[in-house]
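To keep things clear, I will list the structure first and then write my remarks on it.
The values are calculated or read from the model by the stated rules, or taken from the named source; none is laboratory data. Since we're looking at a predicted model, the values are computed, not measured. Every residue, glycine as well, gets a Cβ built from its backbone with ideal geometry; the counts of neighbours run over all protein chains shown. We work out accessible area using only protein heavy atoms, side chains counted, and drop any ligands, DNA or RNA first. Shrake-Rupley method; radii C 1.70, N 1.55, O 1.52, S 1.80 Å.
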Amino acid sequence: MGSKINSMEEKEYLEEISAIVDNMSLMDDELMAKVFDENLPATTLLLSTILQKEIEIESTKGQFDMRSPLIGGRSIRLDVHAKEKNGEHFDCEVQRANEGASPRRVRFHSAMLDARMLKAGQSFDELKDSYVIFITENDYYGEGKPLYYVDRIVDDNKRFQDGNHIIYVNASYEGDDDLGKFLKDMTNKKTSGFYNKELEEGVRHFKETKEGREIMSEAVQKFAEKYAKEYAKEYAKEYSEGQYDKGIVDSIKNIMKNMKMSAEQAMDALGIPKSEHNKYMTML
């Protein structure tokens, strides 16, 4: 009986993962990273549309890890990292929540990007331009603009020409120009009706083909596991503060809500012993 229940739960879990994949758009970083990974036409479209100039992309990588040189230092994973033939570097991020697009986070991304451009002995004048682009689901600055350019300014209002570029892109912009059509594609959860074939082909591959579907399902499951581990840390913190039961229950509820897991799956993800499952089931 127990194995049958487990089998049914596993089937339900996989169906939930499949539903998550169906509901994804390119504003979800897991799908965006897969579509743009080593996809020069799609990345060229992305950058040339936002920067409004011709771009010659040499390489592009989805979910590109940038490790901190410090022991215990903060590392980051870029949604899309690209390099132009002239040596300029690009970091493109998608953010569904405003909290993930804070100016200090953008600053950190920019610093990590720049720090890896020069080798020992190179002159600082050899440092190429860098671009950090945050595509936000909401209008982050609330002024109705499609693009927000962030520049350093000298006291007399002259631009500080350091080659560092930061751009916020408002994905809620619905204009009929190239940028508006591109952003409509970014938020399209279907596999048709795209303005740009470069994006439609990529989304269709990862949502409709067997190979692409398996890759996306695996990516979502890994994200769910990572999400659960983060909440496990939170519940451990609650334990240290003397709120053991409350911390566990809150973590179970959050994982069930955000990752569409059953209570049993959430407790397993948190590493809660089977002998304690009934106790927390009565508290949910």
Enumeration of residues in segment 73-103 that are within 11 Å of the chain's Cα centre (by Cα), crowded, with 20+ Cβ neighbours inside 10 Å and among the charged types (D, E, K, R):
ASP79, GLU93
Taking the residues in segment 246-275 that are at pLDDT below 80 and not in a helix (DSSP H, G or I) as candidates, determine which candidate is farthest from ASP28 (Cα to Cα).
GLY271
Sole residue being in a helix (DSSP H, G or I) and at pLDDT 80 or above, chosen from ASN278, ASN188
ASN278
For GLN52, are the conditions met, namely being over 19 Å from the mean Cα position of the chain (by Cα) and of a type in the set (S, T, N, Q)?
yes
Among the residues of segment 228-242, is any on the phi < 0 side of the Ramachandran plot, open to solvent by 30 Å² or more (accessible area, probe 1.4 Å) and either in a loop (DSSP other than H, G, I, E, B) or modelled with pLDDT of 80 or more (or both)?
yes
For segment 106-131, give me each residue that is closer than 15 Å to SER75 by Cα and open to solvent by 90 Å² or more (accessible area, probe 1.4 Å).
ARG107, ARG116
Residues that are open to solvent by 50 Å² or more (accessible area, probe 1.4 Å) and either modelled with pLDDT of 95 or more or more than 17 Å from ILE76 (Cα to Cα) (or both): does segment 44-51 have at least one?
no
Going by the conditions given, is LEU70 among the aliphatic types (A, V, I, L, M), modelled with pLDDT under 95 and open to solvent by 10 Å² or more (accessible area, probe 1.4 Å)?
yes
Please go through segment 161-190 and pick out each residue that is of a type in the set (S, T, N, Q) and either touching a strand residue (DSSP E or B) at 6+ places or on another chain (Cβ under 7 Å) or open to solvent by 30 Å² or more (accessible area, probe 1.4 Å) (or both).
GLN161, ASN164, ASN170, SER172, THR187
Quick one: in segment 23-41, which of the residues that are aliphatic (A, V, I, L, M), out of contact with any Asp or Glu (no Cβ under 6 Å at 6 or more places or on another chain) and more than 14 Å from GLY212 (Cα to Cα) is most open to solvent (accessible area, probe 1.4 Å)?
LEU40
